[in-house]
Structure formats: structure tokens, C-alpha cells
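K.L.:
Please read through the structure below; I'll follow up with questions.
The values are calculated or read from the model by the stated rules, or taken from the named source; none is laboratory data. None of these values were measured; they are calculated from a predicted model. Here the Cβ positions follow ideal geometry from the backbone for every residue, glycine too, while neighbour counts run over all protein chains shown. What goes into the accessible areas is simple: the full protein's heavy atoms, side chains included, and nothing from ligands, DNA or RNA. Shrake-Rupley method; radii C 1.70, N 1.55, O 1.52, S 1.80 Å.
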Amino acid sequence: MAAETFEFQVEARQLLQMMIHSIYSNKDVFLRELVSNASDALDKLRLEALRDDTLGVDVSDLHIAVEADRDARTLTVRDNGIGMSYDEVVKLIGTIANSGTATFLRELKEAKDAGAAEGLIGQFGVGFYASFMVADEVELLTRRAGESQGTRWASTGEGTYTIETVAEAPQGTAVTLRLKPVDTEDGLHDYTAAWQIREIVKRYSDFITWPVRMVPEAATDTEGEADAQAAREPETLNSMKALWARSRDEVSDAEYHELYKHISHDWLDPLETIRLQAEGTFEYQALLFIPSHAPHDLFTQGHQRGVQLYVKRVFIMDDCEALLPSYLRFVKGVVDAQDLSLNVSREILQQDRQIQMMHRRLAKKVLAAVKDLMAGSAERYATFWREFGRVVKEGLLSDFDNRDAILGICSFATTHDQDEPTTLKQYVERMKDGQEHIFYLTGESRQAIENSPHMEAFRAKGIEVLLLTDPVDEVWVEAVPAFDGKQLRSVAKGEVDLDTEEEKQQAADEREQRQQEYAGLLSWLTEQLGEQLKEVRLSTRLTVSPACIVSDTHDVTPALESMYRAMGQEVPRVKRILELNPGHALVSGLNKAHGERGGAADLAETGELLYGMALLAEGGELSDPARFVKLMADRLERVL
């Protein structure tokens, strides 16, 4: 088949040029990426051979070979792993983009520094293209295990690439780079030099479980000529020691960080490293990492979890979902069990008692590590919560056993401090004498919540309120009844009474008098607005606004109602309560007019406007916006 030439998409071309010229601070990492990809291919072949007896491949000597040619100035990284079909090359190598390119480019341009930019690279899985930093041309030759024909892909990294089918190609993948001239000022080293290759592999890929081999340069005689007879046996450049099986004092932080980067394809160091060694009837070792930033697809359905499963150092599964709960899906790492079958499947894992024990233990270990971060490193904990707080709060709905531990590591925006979030423990410690509840309000933004009429009495009394703005907050506050013996209570639900016993006694007569004074108006408005509301009553939470809308204590909030409907679940419409502020001139004037003119049409319209304004003030949607605007325009016209 003749080679076909394709053009990179515009966005893909932009991305490639940015990667080549402006992103990477250390060009040596191209070799780490190629070795890491080769290692993944070997893992996949061994796993495929275990599952498919008919594959007919030799897995006795799986390895990675690095071959340098000084004269031709080429460097090849070769593996005898799973390889790729023509279609896979087109999908995985032929195009950078898929759906993520536009997002990636936008985030890349917004990145504040080189470190942040490098962090984005791992998120979008385009590390293969790091090769173009050091090469004028890249060629990939590959054949998938079990297929007879191979595929060759080549590009100079400019505007086009070629793909062709080749009749003969060894199983696996070989990536050959035609290297750029050495330029030490630009960080371009001599990547054909054996010592340079040896140093890079040792630094970045020493822990790779497959041998990384290189044929050393030919020895030279005294006159400087190569000795063709000298034996040149391949040397293995990496130790292949599993870091999780070595004691902590034998491994440096840098080595742990390189293992994390290999597993996650991230370019930044992890935020935290977690070790676990379980002994006894069921033995396993775990080395887990909390990333320093959230992946771009953390909340998308196709997000792959990063915990790898090994059995006695043999790779079994890349994204083992059974090892950690969904709300910890950002955790990367390795778990190596001693007593599982090599043929274990995902279905078996879901039911395996030992896996379930590991699942519980690993979840507790991660939560304990975050708790230690909170106590010992406020800055790193703040980074963790900023990146992963939204997903961790999902555990309040799904992990009842660890709910208290999750609540203990949560932080929330609060009226106590404009910038610093607070824990529930800190909130309870600051509660006023006589305060029985932990108060909160949900909404789309901090500004919207702080400006809500529901906050007025709490602001006047100086009572702290949690400001919850994540979509998941609408759900978990309904499921979590209390913390440390204190009930969680929405300031937009039920009746609010913030007065002390002494204040209640002093105001009892006034309240009773007002209730009698407004009884007629409340009864009439309840009847007029009965299709929208279940009740109209006087408010104890308003100090400035004329009205607000609240839900009954145990009713579903409108936001949660909308969320259920968006998920295709039909829920009955819940009628809410309109509260009026008797101290506001509009309300007192309406009461006086009702006493004088009864249920006049213009008063009914005023009641309708009052309800509409209260609905808009909390960010709700009017059922008939056009009618509301007309009533408002007519009313304004009369005033002029």
C-alpha cells in the first residue's frame, strides 16, 4: 500500500508547535516518554497472552532496546510488545487531538508558568510528541501481535504526516528519531552518546519492570579505530527493582516521583506519596500517589482510574476500579498482591473478599494521609482541597463507613473569612453560646449566596454560615444529618428563630400583635398564590428585603429538584413558602391597603410582584417572565 499523506488539523498543528518550541524545560524527558510507552506495550502483550492462548506470541524475552547510530544521528527505541494495527495508529498517533485539543490549547495559553504548562501535557496524553523537541523527523514502525502486516507512520512535525502499510515488520513498535544537531545552550544534548542515554534511563526509568537494553559502543584500539571483533553484548540499563517492594530508606523521593510520572504520564511531582505494607493471612504492598493537580477529565464518564494491579510483581490490570472507591478516583499508584490468581478478571474482582478488604484499607489509608496533610502542611492541604474537594465530597453519599473521616477533611467557604475556608471542627469551635445548629446555604456562587435575603438575620446576628457552591453540595447536605452532635441546617429551610430566650420573652407580645395585625393579608395572599405556594407567613429571617421564599424543613430544594429532572428522574413539584418582612414599608403598605380595599385587583398584582421579586432574589426562574415584566412596567408607569 502506497504511503498516504495527511494534514494535521489546525489545532493539532498549533499544539505540536507549542510543545516543540515553548513548553518543555527539560528535553531529556522525551526518552522517558518513549520508554514508558514501550513498557505499557509489553505489559499489554503479557496480559493479552495470558487471556488468549491462540495469540501465538513468544513472551519469553520481552524487553525494550535503545539503539543509537552516531554516524546517521538517529536514536531508536524498540519493544517487542503488543504493537498497533493500522487503525490504532491512525487513532492514537496520526492525530493528536480528538476532542481534547481545543480545551488543551486554551488551558495551555492560560497556564501561568512552565511548570503548569508541563502539568497539562500529562493530562492530555500527548507525551509521544515530545520526540519532536529533539528530532527533525520521527518514524514509527509497528505490527500488532497476531497480525501479519505492519504500519509505518512518519512526520517532520510541521504540517503533515504519512501512513503506509508494510509487508514485513517485527512484532511490537520501533520509534526512530532523526536527531537535531547538538545545541547545549538550548538543552539539546548528544542523544547518541551511550553515557547520556545510560544516565537518562537510570534517572527516569530505573524502576521499569522490563529490561531496557543497549548495545554499547564498539571498543577502539590505540589508533582510535573501532574493533569490529570486540564482543558487544547488550547491557541492561535499569535495575528493574519494584520500588513498592523496597524499604522506605532505600528509595529517594525523586525515585518515587519518577514512578508516579511513569504511571500517571504526569509531568509534575505528586502532592503526597502513601506507602502501605499489609502482612498476615493476606499480604500485599501498595504505593499510592495523590497528584498535585486534577486531570481534565475527572468528572467525565470515560475517566480512567490510575491504580495498577500486580500479582507477585506481574502486571495484571491498568485501571483497577475495584481497589479504591469512586470518590478517590484521582489517586494513582500500584498495588501488588501475593495471593491472587494471574487470570483474575474485573468481574471476579468485584466479588473477591480479599479485594474488598484491600479496598477498605486503602481508602482509610488515603483519608488518613489527607488528614495528616491538613494537620502538618496547610499549604499542601489547601492545594489538595482546591483540586479534589468536589470529588471527595461524593464520598459523603457513597461511603457511609468513612463518612466521619471524610467530613473531618472537608473545608468550606464561610462568612467568617472572605478568603480562608473552614473545617466543620473549626466552625463548631466558633459557634455562639446557645447555637444548636451548623448553618449553611447552597447556591451557584459565593456572591449570590451572600446577597441572598435568607442571610439577612444571620448577618445581623453575626452568626457564621457555610457557603456551599458545588453541585454535589445540594445532595450531600440532605444525606448528612449532623457533625459532632450538631445538626446541619439550611438557612433557607423551615422557620428561623435566632433570638435568645430573653429576647423571645421580650418580643413575644410584639410578635403576637403583628401576627394578628397581618392575619388577614397572609390568609388572602395564601389564597391568591395558592397555585405556586403552600403558605404565606411572617418572617424572622429578613431585616432588609421585603420577602423571601423558603422550603419546608424536609422538602427537596428547587436546585435538587432540577438536578433530579436533568438526570431523567421525575419528582413531584414541591410548593414552597413565601415569607414577608413586616418591618418593610412595602409589606406594611400592602397590609394597610388590604385592610382598606380588601382584595382589589391592583393589590393582587402587587402580591404577585412581591412573590416574583422574592423568587428572582434567590436566583429562581419565573414561570411567566413576560407577565412579570408587564406588571412591573405598568406599576413603574403609574409612579412617574
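K.L.:
Select from region 150-182 the residues that are open to solvent by 30 Å² or more (accessible area, probe 1.4 Å) and either in a strand (DSSP E or B) or hydrophobic (A, V, I, L, M, F, W, C) (or both) and write down the one among them that is nearest to LEU34 (Cα to Cα).
P.N.:
THR176
Here is a yes/no grid of residues against (1) open to solvent by less than 70 Å² (accessible area, probe 1.4 Å); (2) polar (S, T, N, Q); (3) over 30 Å from VAL556 (Cα atoms); (4) touching a Leu at 6+ places or on another chain (Cβ under 8 Å):
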site: GLN354; (1), (2), (3), (4): yes, yes, yes, yes
site: MET358; (1), (2), (3), (4): yes, no, yes, yes
site: MET374; (1), (2), (3), (4): yes, no, yes, no
site: CYS410; (1), (2), (3), (4): yes, no, no, yes
site: ALA413; (1), (2), (3), (4): yes, no, no, yes
site: ARG430; (1), (2), (3), (4): no, no, no, no
site: GLU436; (1), (2), (3), (4): no, no, no, no
site: ARG459; (1), (2), (3), (4): no, no, no, no
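K.L.:
Here is a list of conditions, (1) open to solvent by 10 Å² or more (accessible area, probe 1.4 Å); (2) part of a loop (DSSP other than H, G, I, E, B); (3) not aromatic (Phe, Trp, Tyr), and ASP266 meets all of them except one; can you say which number that is?
P.N.:
So ASP266 meets the others, but not (1).
K.L.:
If you go through region 164-211, how many residues are free of Cβ contacts under 8 Å to residues at least 24 places away in the same chain and of a type in the set (Val, Ile, Thr)?
P.N.:
Adding up the residues that qualify gives 2.
So that you can scan it fast, the table gives a plain yes or no per residue for (1) outside any strand (DSSP E or B); (2) surrounded by 13 or more Cβ atoms within 10 Å (Cβ to Cβ); (3) modelled with pLDDT of 85 or more:
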{"site": "GLU478", "(1), (2), (3)": "yes, yes, yes"}
{"site": "LEU488", "(1), (2), (3)": "no, yes, yes"}
{"site": "LEU498", "(1), (2), (3)": "yes, yes, no"}
{"site": "ALA508", "(1), (2), (3)": "yes, no, no"}
{"site": "GLU512", "(1), (2), (3)": "yes, no, yes"}
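K.L.:
Consider region 426-457. How many of its residues are under 23 Å from SER545 (Cβ atoms), in a helix (DSSP H, G or I) and polar (S, T, N, Q)?
P.N.:
Looking only at that region, the number is 1.
K.L.:
Further, regarding this structure: Here is a list: LEU16, LEU62. Which entry is in contact with a helix residue (DSSP H, G or I) (Cβ under 7 Å, 6 or more places away or on another chain), at pLDDT 90 or above and at negative phi?
P.N.:
Going through LEU16, LEU62 in turn, just one is in contact with a helix residue (DSSP H, G or I) (Cβ under 7 Å, 6 or more places away or on another chain), at pLDDT 90 or above and at negative phi: LEU62.
K.L.:
Kindly indicate the residue of region 188-208 that is in a loop (DSSP other than H, G, I, E, B) and within 33 Å of the chain's Cα centre (by Cα) and also modelled with the lowest pLDDT among those meeting that condition.
P.N.:
PHE207
K.L.:
On to the next question. If a residue counts only when it is within 25 Å of GLN487 (Cα to Cα) and modelled with pLDDT of 90 or more, which helices (runs of 4 or more DSSP H) contained entirely in region 542-619 have at least 3 such residues?
P.N.:
Result: empty, no element qualifies.
K.L.:
So in region 236-253, with the set limited to residues that are polar (S, T, N, Q) and under 18 Å from VAL201 (Cβ atoms), which one is surrounded by the most Cβ atoms within 10 Å (Cβ to Cβ)?
P.N.:
ASN238
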